[in-house]
Each structure stands twice: as C-alpha cells, then as structure tokens.
Amino acid sequence: MPHPMHQSPSTRHGPYVRLLLLACLSAACLAGPAQAEVRLSATAHEPAQREAPNPKASTRTLTLGDARYAIPDAFFYGPLETAGDRQRAVLFSAWLSEVSPPGTRIVEVDDPSEAAARRLVILVESMQVYPDTARRDNLLANYRAYAGDLDINGSTSEAARELSPALGGLQRVVLRDPAAIARARYPDLFIEGDERHPTTVLGCSRPGVRGVSYAVCSLHFRVEGADISVDMKREHMAHWRMVRGAVTDWMARYRIRTP
C-alpha cells in the first residue's frame, strides 16, 4: 500500500509538486515528540531565530499569495517551478525549535533521528498569481477529499457525518457512510470553522489502520492569501495550533513590508 503521505491532495497540482513531495516524504523526514512555543529554523543544528533575520543571508524573493517574501535559501526544499518570483507552488523544509511542552524531554539535536523528528515539510501554493488560473478553495477541497466526499472523478455528493469538539478548538469529523469511510483519505479528520468554509483542516493517519506503521498528519490553513500544507508526525497532532502559529510567524518574519 502506498505511503499515506504520498497520497496528500497537494500532489494533485501537477508532476512538479508530486516530485518534490516524493523526494522528501520518507520516514527520515518526520518523527518525534511535539514541541511547544515552536519557532522554525533552517537546519536541525541551528537555534530558532528570536531576532530579526540576517539581512546579509542569501535569500530568494517570491510572491506567495497576497504578499512578497525574501526567504533564506536554506529553507527551500527543491528547485523552483519557473524562473522569477511568480511561483504556483513552493516547497520548504524547516525544523521546530528545541523547546518541548511541559512534561516532555528536550530533543537532543545531536541525535540524527531525533533531529529529523522535528522536521516539517511545508508546501505553499499561490494559484492566484496566475490570472488565467481559476481560483479554488483548497481548504474546502482538501476537507471534502479527506472526508470521503470525492471519488476518483471528484463528483461524489457530500457524505453523512457528525461533528464533535476536539483538540482545543478543532471539531472531529465522524463519518457515518461506509462508502465514504472507504474513500476517506485519513481515518482521523478535524476542522476549524464551518464545513462550507473551513479555516483549518487536519487529517491524520493512524498506526495499524490500512497497513500504516508510520502515522503522519497533514495540516492545512491559509496565510496572506496563500494555501499552506504542513506534513508532520502524528505526535504533533494535539499541538496543531502551535505548529500553525510557528509557520505563520515564520512567513511574517520574511515578509517584505512596503513603506
């Protein structure tokens, strides 16, 4: 059975993104305990920045969603799709900071497996920079795919389901239709916001379900008009808000402010 991370909806956007994701989504990319007060760094051995970025660092300038960014080269994971700053999809990798939540140990970055445990794979999609491309709601599309609404042709109607509070602000989505359960991409699904207009979507695989031994999550949200997909280890599931905040802060740190 294909690795569940290889089935992320992010791969629907063409061979380029598929190749980037397949290049990085291995067991060595993601594993380990969730972090608190998380910030992102470019490498496992670099402390997360707590001050303004070094203006002399080599950066690439890109338009992502509704904003422009000057992001250090070290965060880019794979080549850009085209020349220039107009990118449909850009893949980054970053490490969570070493600060752990209360009651858990601090990860030792000198252990290669533990260092890799804190890695996030971040896909930023910016479809609206192409005027000839129809803008779709990726959050809603991901939610419907994860909930088993969509068949191979993307035409199945909405499946019966129930919502219940879970994970500190998210709602757990419980499917009731056996056919939808069979189609659903993840056995554990959560959303923030209304089903028709979700603001966050979190889908997670589960150990021992559908032959999965290495459980992962895909977290989806939006920053400044750009669609963000973060692939991470399932242990980060309960700390989704901190991960979302860390990625949002990371993008804000490198946003180019106009006078």
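The values are calculated or read from the model by the stated rules, or taken from the named source; none is laboratory data. Everything numeric here is computed off the predicted structure, so don't read it as measured data. Here Cβ is always computed from backbone atoms with ideal geometry, including for glycine, and neighbour counts include all displayed protein chains. For the accessible areas, the whole protein counts, side chains as well, though only heavy atoms, and no ligand, DNA or RNA atoms are used. Shrake-Rupley method; radii C 1.70, N 1.55, O 1.52, S 1.80 Å.
Tabulated values for the structure
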quantity: The listed residue being touching a helix residue (DSSP H, G or I) at 6+ places or on another chain (Cβ under 9 Å), farther than 19 Å from TYR77 by Cα and in a strand (DSSP E or B), out of ARG222, ARG210; calculated: ARG222
quantity: Those strands (runs of 3 or more DSSP E) lying entirely in the stretch 153-201 with at least 3 residues of a type in the set (A, V, I, L, M) and at pLDDT 85 or above; calculated: 170-175
quantity: Number of the condition not met by VAL243 [criteria: (1) outside any helix (DSSP H, G or I); (2) surrounded by 19 or more Cβ atoms within 10 Å (Cβ to Cβ); (3) out of contact with any Ser or Thr (no Cβ under 7 Å at 6 or more places or on another chain); (4) not hydroxyl-bearing (Ser, Thr, Tyr)]; calculated: (1)
quantity: Qualifying position, being at positive phi and not aliphatic (A, V, I, L, M), among ARG185, ARG210, ARG244; calculated: ARG210
quantity: Single residue of VAL201, VAL216, VAL223 found to be under 22 Å from PHE92 (Cα atoms) and either touching a Phe, Trp or Tyr at 6+ places or on another chain (Cβ under 9 Å) or among the polar types (S, T, N, Q) (or both); calculated: VAL201
quantity: Exclusive hit being farther than 19 Å from VAL230 by Cα and at pLDDT below 80, set ASP85, ASP111; calculated: ASP111
quantity: Selected residue (criterion: most open to solvent (accessible area, probe 1.4 Å)) from residues of the stretch 188-219 that are more than 17 Å from GLY148 (Cα to Cα), in contact with a strand residue (DSSP E or B) (Cβ under 8 Å, 6 or more places away or on another chain) and of a type outside the set (A, V, I, L, M, F, W, C); calculated: THR199
